[in-house]
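Worksheet for the structure shown next.
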Amino acid sequence: YKDVEVIDAKGNRVLPGLNDSHLHLVGYSRLKNNLRLENAKSISEVIELGKAYIKNNPSKKVIVGNLYNDNNLVEKRLLTKHDLDKISIDLPIICYRVCGHICTINSKAIEVLNLNLNTKVDGGALDVENGELTGVIRENALNLLNEITKNYSVKEYKEFILDGIKDANKLGLTSLQVNDLSGELDIHKKIYSAYKELAIENKLNARINHQITPEVPNELIEVYKFFDFENNYLKFGPLKLFIDGSLGANTAALYDNYLGDNQNGILCLTKSELTNFINAAKSIKKPVIIHAIGDRGIDLALDHLKTYSTERNAVVHVQITSKEILEKFKKTKVNAIVQPIFINTDMFMVYDKVTKSLAETSYAFKTLFDNTVTSFSSDAPVESLYPFLGIYHAVTRKDLSGEVTYNISEAVSVADAIHAYTVNGAYMSYEEKIKGKLEVGYLGDLIIIDKDIYNIENTKIKDINVLYTITGGRVVYEK
């Protein structure tokens, strides 16, 4: 071969390029310039960070904060409009909880959006206390915020995509299954145009497979109609639905009430809506993947997916599970897309949310791996994009400090964890015959890492560095 670049791996481990099977790439890049609250330890710190952000960003007309976690605040409660009013009463402020399924807005945002006690949203909620809105908004009601959040240009979306892929390549990711096409049809078209232009310009350094979330079933067919370009770097995959919310926000749909809370979560879709969406996917022969976190939500997803006979349907997240639900995955042959990195935070709250017996059969990665095709992902920006953190948590079942272990019987082997990040990830997008292995006939996607992941202590997996990332035979990252 002429003009071939030879790279000496110098005895370092070579792996197939890693595949994150569920994330939000545009959202990951977009929030980099927002008010970052993931390190806030108190509400007063949130307020100070907000004031400093406004001072440093005087041109901002709407303030958007991300990644605050009430479990990390000393007050152990959600933000309210009164907290955010201490940042500003003149600018609309939106602060999203880390899960992305709940947010708090200030009084100015409530005024601009014309929200009141009569505002109702199916599959969502606006919290009320003492006869007034608290500013807390949940699930489908978050769509009300679209009116004041920025409508980006195709050029800006292209910048977000390239920025996110650059980070992904640095972390050893060569394939990304993204849920960026979500929400309003006009936004779908802009984001698609951004990806299409980058693909035609040969600027996509990771292989993109889209998971698509329209607002209503009949839009699904319309969305797929304007996808007029595909290649090995840009493909359009399953319908992605949301059945419930998140565990941290107490909106994941459970059979029993949350401990200490007189409610059992939110179903974001009715059974008839779920059926209509699945029928729309059937009509264009696309698989369906469903966000479901609580046991009631997961059970509902499995019951509906078993009516649609395709081997690539999946439930995304699969966190709170009974033994019966885990066995149901085997019977229905529905796949699972899970995020082992969630263990780092969720192990400290799951026993406060559900009964001990249910907590001990949850986040059951080994059982899922044994029962069905299971792939790993990050759900970035909810958690870190770094796949070796996910592998560390899957293999050790420990928190990041290494001091606390959660249900070690559900740990998977290193080999199975890598399989979940390669071959099984490729399976989810019908690409297991061309991706996920270092074999003749497979795409030239591979990485070189600085530690032999098969022969180091499992606790050191989180410290692995990527030396090279190669996509399609091209070096896209070199340390």
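The values are calculated or read from the model by the stated rules, or taken from the named source; none is laboratory data. Everything numeric here is computed off the predicted structure, so don't read it as measured data. Here the Cβ positions follow ideal geometry from the backbone for every residue, glycine too, while neighbour counts run over all protein chains shown.
Computed quantities for the displayed model
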{"item": "One residue from 418, 434, 447 being surrounded by fewer than 21 Cβ atoms within 10 Å (Cβ to Cβ) and farther than 21 Å from residue 252 by Cβ", "result": "434"}
{"item": "Residue satisfying all of: in the stretch 201-257; within 30 Å of residue 442 (Cβ to Cβ) and among the aromatic types (Phe, Trp, Tyr); farthest from the chain's Cα centre (by Cα) among these", "result": "229"}
{"item": "Filter result (exposed (fewer than 15 other Cβ atoms within 10 Å of the Cβ), farther than 15 Å from residue 70 by Cβ and under 27 Å from the mean Cα position of the chain (by Cα)) within the stretch 36-60", "result": "none"}
{"item": "Test: residue in the stretch 224-244 that is within 30 Å of residue 352 (Cβ to Cβ) and part of a loop (DSSP other than H, G, I, E, B)", "result": "yes"}
{"item": "Among the candidates 412, 423, residue that is of a type in the set (Val, Ile, Thr), modelled with pLDDT of 95 or more, buried (at least 20 other Cβ atoms within 10 Å of the Cβ) and on the phi < 0 side of the Ramachandran plot", "result": "412"}
{"item": "Residue within the stretch 292-305 that is of a type in the set (Gly, Ala, Ser), touching a Pro at 6+ places or on another chain (Cβ under 9 Å) and over 12 Å from residue 252 (Cα atoms) present", "result": "no"}
{"item": "From the options 221, 191, 165, 161, residue that is surrounded by fewer than 19 Cβ atoms within 10 Å (Cβ to Cβ) and part of a helix (DSSP H, G or I)", "result": "221"}
{"item": "Qualifying residue in the stretch 13-23 (condition: modelled with pLDDT under 95, part of a loop (DSSP other than H, G, I, E, B), of a type in the set (Gly, Ala, Ser) and out of contact with any helix residue (DSSP H, G or I) (no Cβ under 6 Å at 6 or more places or on another chain))", "result": "no"}
{"item": "Cβ-Cβ under 7 Å pairs, at least 6 apart or on other chains, the stretch 211-236 side modelled with pLDDT under 90, far side of a type in the set (A, V, I, L, M, F, W, C) and loosely packed, with under 14 Cβ neighbours inside 10 Å", "result": "221/284; 224/284"}
{"item": "3 or more residues without any contact (Cβ under 8 Å) to a residue 40 or more places away in the chain: qualifying strands (runs of 3 or more DSSP E) within the stretch 77-131", "result": "124-129"}
{"item": "Conditions (1) outside any strand (DSSP E or B); (2) at positive phi: number failed by residue 135", "result": "(1)"}
{"item": "Condition met for residue 193 (under 20 Å from residue 319 (Cα atoms), out of contact with any Lys or Arg (no Cβ under 6 Å at 6 or more places or on another chain) and hydroxyl-bearing (Ser, Thr, Tyr))", "result": "no"}
{"item": "Selected residue (only one of 174, 149 is within 28 Å of residue 110 (Cβ to Cβ) and in contact (Cβ under 8 Å) with a residue 60 or more places away in the chain)", "result": "149"}
